[in-house]
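Here is the structure we will look at.
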Amino acid sequence: MQMCELCGKLTDKLYKVIIEGSEMNVCKECAKFGKSPKTYSRLGKKTIIGKGTITTNKQVKKPIKRRRDIFDTLPMLREDYGDVIREAREKRGLSIEELAKKLKMKASTLQKFERYELEPNEKEIKILEKELKISLTESIGEETSYYGGRDEDGFTLGDFIKIKK
């Protein structure tokens, strides 16, 4: 005896069906809630009109367009922000304490920025950029790439991540 994965009923024969995208082994009564894996497809069916015949059995995968999101246009903190801050401060001949007084920040906070122990927030970035005349942000834009939709089985983690160059 085997147990139905949907209702839990013990039965001699189970049927393999797709219910809401999941393949399940279910009893005869629960099988009506799903589709047979042979007839189910995530790909759409395309109607092809040939010489006097219409067929709908060919499946066509729609091209996947990457949706733009708000994070694509936001500036991002440079990876070498600590070195940029330290070099600009040294170029102006300022100690951490002197720069901290000018910026009305704690010296320990600036030290943490330079050692990459702390990332400055947007307000601190603007203050540092204005005082030291540097740029701590870079535009993401189209510079970054991602792996997109080549796999016919569905999405992979690579479809959702951005890889820095």
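The values are calculated or read from the model by the stated rules, or taken from the named source; none is laboratory data. Quantities reported herein were computed from a predicted structural model and do not represent experimental measurements. Side chains included, ligands, DNA and RNA excluded: accessible areas come from the protein's heavy atoms. Shrake-Rupley method; radii C 1.70, N 1.55, O 1.52, S 1.80 Å.
In summary, the convex hull built on the alpha carbon positions of the range 76-138 has an orientation-averaged projected area of 3.6 nm². Per residue, the accessible area of the range 76-138 comes to 66 Å², computed with a 1.4 Å probe over protein heavy atoms only.
For K13 and K123, the difference between the fully extended length at 0.36 nm per residue and the C-alpha to C-alpha distance is 33.0 nm.
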